[in-house]
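This report refers to the structure that appears directly beneath it.
The values are calculated or read from the model by the stated rules, or taken from the named source; none is laboratory data. It should be emphasised that the depicted structure is a prediction, and the values quoted were computed from it without experimental measurement. Using ideal geometry, Cβ is built from the backbone for each residue, glycine included, and neighbour counts are taken over all protein chains shown. Each accessible area value is taken on the protein alone, full model and side chains, heavy atoms only, with ligands, DNA and RNA left out. Shrake-Rupley method; radii C 1.70, N 1.55, O 1.52, S 1.80 Å.
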Amino acid sequence: EWDEPELADWLANLAQALEARPGAILVGHSLGCALIAHAAFTHSGARIGGALMVAPADLELPSPIKASLASFAPMPLAPLPFPCIVAASADDPYVSPRRARRFAEAWRSEFVDLGPVGHVNIASGHGPWPEGLALLQRLSDQVAATDARAA
């Protein structure tokens with residue numbers, strides 16, 4: 001439910017998807033980043049291979065829609081148990097660059113400053129995003145290297 005998201009429902013759907021694809025690399029945008037961060041600390045976290053988090057939403061910003069996001073707050077700020085890249089814009093209306101960098105530091109994730117590109121969505125002029133595919137490939141390489149070291 002996009003208009004009234006509930007964390008428990010989203011976590012249950014993600015857990016089901018991860019049952020079918022353990023070790024999957026997740027790509028989250030905005031509120032999806034919060035979902036991945038929460039999932040990391042549930043039984044599903046062990047099934048996540050890695051995560052590319054793009055334009056993470058700051059759930060603590062004052063917002064007229066904040067009430068509908070209450071179940072996702074606060075954002076978990078502990079090291080993630082899988083490789084992660086956080087990519088954020090310098091002028092995203094939903095997260096400041098400083099806060100996005102704080103998320104990446106707390107998660108012990110690589111931080112990528114995308115420059116002033118808005119919320120990295122259709123409304124900010126994005127369509128196909130080759131830079132995102134390149135970040136996903138870089139993350140995939142990191143996950144493969146981590147798996148090789150663990151084997």
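So how far apart, in nm, are the two label points at E6 and A148 if each is 7 Å from Cα heading toward Cβ?
4.5 nm
How large are Rg and Dmax for the chain when calculated on the C-alpha trace, in angstrom?
Cα-based Rg and Dmax for the chain come out at 14.8, 48 Å.
Got a number for the accessible area of I122? Probe 1.4 Å, square angstrom, nearest 10.
The value for I122 is about 130 Å².
Residues of the chain: accessible area per residue at 1.4 Å, in Å²?
54 Å²
Using a probe of 1.4 angstrom, how much of the accessible area of the chain is carbon and sulfur, in percent?
Ligands and nucleic acids excluded, carbon and sulfur reach 57 percent.
Taking the mean number of other Cβ atoms within 10 Å as a proxy for protection, how do you rank 13-22, 109-118 from highest to lowest? It would help to have the intermediate numbers written out before the result.
Values: 13-22: 13.2, 109-118: 16.4.
Packing order, densest peptide first, comes out as 109-118, 13-22.
Top to bottom by accessible area (1.4 Å), largest first, where do W129, W10, W107 land?
Most to least solvent-accessible, the answer reads W129, W10, W107.
What are the trypsin sites (Lys or Arg not before Pro) within region 45-151 that DSSP puts in a loop, where the Cβ has at most 10 other Cβ atoms within 10 Å?
none
Label 7 Å along Cα→Cβ of E131; region 68-87 residues with amide nitrogen under 13 Å?
Only 87 pass the distance filter.
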